[in-house]
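Heads up: the structure comes next, in structure tokens.
Please treat every number below as a calculation from the coordinates, not as lab data. On a predicted model such as this, the values are computed, not experimentally measured, just so you know. Neighbour counts are summed over all protein chains in view; Cβ atoms, including those assigned to glycine, are modelled from backbone coordinates with ideal geometry.
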Amino acid sequence: MVFLNYGVPLSPMKKVIFYLLLLIVPVLNHARINEPVSIEASSMNVYTALNLASLQLSKDIFSLAIKGLKKLEAEGKLNNPNIITIADYSQSSSKKRLYVIDLKSGKLLFNTYVAHGRNTGEEFAKSFSNEEGSLKSSLGFYITEHPIVGSHTGYALMINGVEKGINDNAAKRAIIIHSADYATETFIKKHGRLGRSFGCPVLPPDMNKPIIESIKGGTCLFIYHPNNQYISGSSLLK
């Protein structure tokens, strides 16, 4: 016999209700556990699962990258929002500061070196520009386009700067992703840092084509530095 508090027996109707509750509550709890997680929360789970902090990519930088990616995705500007590439120019150029992440599969596809512009700094990136002829890197969000073969750069990837006044002169400046021998560990061992480009994010030769093939065709590239002018001026980070 089923009792309420103080040993009072339940009526037949209350018994039915009681047993129905026993069946329903676990189902409701299970449904609550399996509610869809927000994209932002899911992305942060990827950050934790990949232990990106151990690879010197901070959670704050990753969060900024995801924020911009989601805005670009909402605007319909990304063909493939599952792939994000982050170049963390706050780090020394002697560090593997480029990260290519598959947010859908939760995999780190690449972690390698990337060079900055000649007039942006030596070992560390310090100064940035959107101006032609500056030989400086431009910060912010880009959308990858199609590969090309340049007469001087070889196999390369067109990128479109989407932040007005920050990197939207990328095409005019011929800012592309390409490779060079100065973006290698051998160069670092000899000089203590990577060499520098005319403003392009430059990769090691052996990593160039695999990375381009993975990120081409409408994915998000985020070039970061804790530059106050950029952080406060970027509409994608607000």
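Which pairs, out of Lys216/Lys238; Lys172/Lys216; Lys70/Lys96, put more than 21 Å between their alpha-carbon atoms?
Lys216/Lys238; Lys70/Lys96
Kirkwood Rh and Cα-based Rg: tell me the resulting Rg over Rh for the range 39-237, rounded to two decimals.
0.93
State, as an integer percentage, the relative contact order of the range 39-237 based on alpha-carbon contacts under 8 Å between residues 6 or more apart.
Contact order relative to length: 25 percent.
For the range 116-215, which chymotrypsin sites (Phe, Trp or Tyr not before Pro) are in a loop by DSSP, counting at most 12 other Cβ atoms within 10 Å?
Hits after loop and neighbour filter: nothing returned.
Tally Lys and Arg at +1 and Asp and Glu at -1 over the other residues with C-beta under 12 Å from the C-beta of Pro205: what net charge comes out?
-2
Taking θ = phi - 60°, what integer Hz values does the Karplus form 6.51 cos²θ - 1.76 cosθ + 1.60 yield along the range 98-115, in sequence order, with x for Gly and Pro?
Computed from phi, the couplings for the range 98-115 are 10, 10, 10, 10, 9, 5, 6, 8, x, 10, 8, 7, 8, 9, 8, 7, 8, 8 Hz.
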